[in-house]
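One structure is given here, and the rest of the page talks about it.
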Amino acid sequence: MEQVTNFIELRGMLEELPRFSHENHGKTFYRFRLEVPRLSGTTDHLQVICRREVLDGIDPSAGGQIHLRGQIRSFHNPDADTQKLQIFAYADNLETDDLEPCNQVSLEGTIRKPPVYRRTPLGREICDVMLSVARSYGRWDYLPCIFWGRLAQMVSGCVPGDSLQLQGRLQSRQYRKLTDEGMVERTAYEVSALTAELCNREYMI
């Protein structure tokens, strides 16, 4: 069986009804946002895109939670007014149910740029990594990932080209940026790693 290198499973509430996104190769795509609570009480607001035929299998207006299985995708939009790199969950399957919320990600990819190691104002170790993950037809998704504590130490010693496997969650994060129009609030999307494996060594937090 072919190893899954990019998998996401989400369960949360619709933040908005699906709306038309775009057409590509004769297929129609829709987008919506999903609210997925964390155990800490924080809520992630995640972007989702799916084909019309996947959306046709559910009634988004009926209430209940949306259960999604698919992949994390990236899209570079040079004309975007905010982030050029768009991150979203691409749904292969959608269902409705009333089970517990979930946010689980499994990735395997190659480190694209030198990791950036730093400490938060509270002294926590953190390392930012851009992971390139293979997709069908020779394409790649570029996914920002963050690692904490011992994982941050381990990943900070990696170099571009190293292969990495991780388990974690997709999260949203609000931040403020100074622009020509003044201070604006924006949203970043990233994978927060809970476990990682490199060169047959496994680290967990």
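Every number in this text was worked out from the coordinates using simple rules, so none of it is lab data. Bear in mind that the values here come from a model prediction, so they are computed numbers and not experimental data. Every residue, glycine among them, receives a Cβ derived from its backbone with ideal geometry; neighbour counts consider all protein chains shown.
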So what J values fall out for region 47-58 if you push phi through Karplus, 6.51 cos²θ - 1.76 cosθ + 1.60 with θ = phi - 60°, rounded to Hz, Gly and Pro as x? 7, 10, 10, 8, 6, 4, 5, 6, 5, 5, x, 10
Any lysines with Cα under 17 Å of the K177 Cα? List them, leaving off those in the same chain fewer than 8 positions away. K84
Run the helix sum for the chain: -39,500 (n - 2.57) per DSSP H stretch of 4+ residues, divided by residue count, reported at 222 nm to the nearest 500 deg cm²/dmol. -1500 deg cm²/dmol
For K27, counting only aspartates and glutamates whose alpha-carbon sits under 17 Å away and dropping same-chain residues fewer than eight positions off, the answer is E53, D56, D92
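Shape verdict for region 112-194, please, from the Cα gyration tensor: rounded (a/c under 1.5), prolate (a/b greater than b/c) or oblate.
Here region 112-194 falls in the oblate category.
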Please check which bits of region 47-71 a label hung off R139 would reach, taking the label as a point 7 Å along Cα-to-C-beta and the cut-off as backbone N under 19 Å. 47-55, 69-71
How many percent of Cα pairs in the chain exceed 31 Å? 21 percent
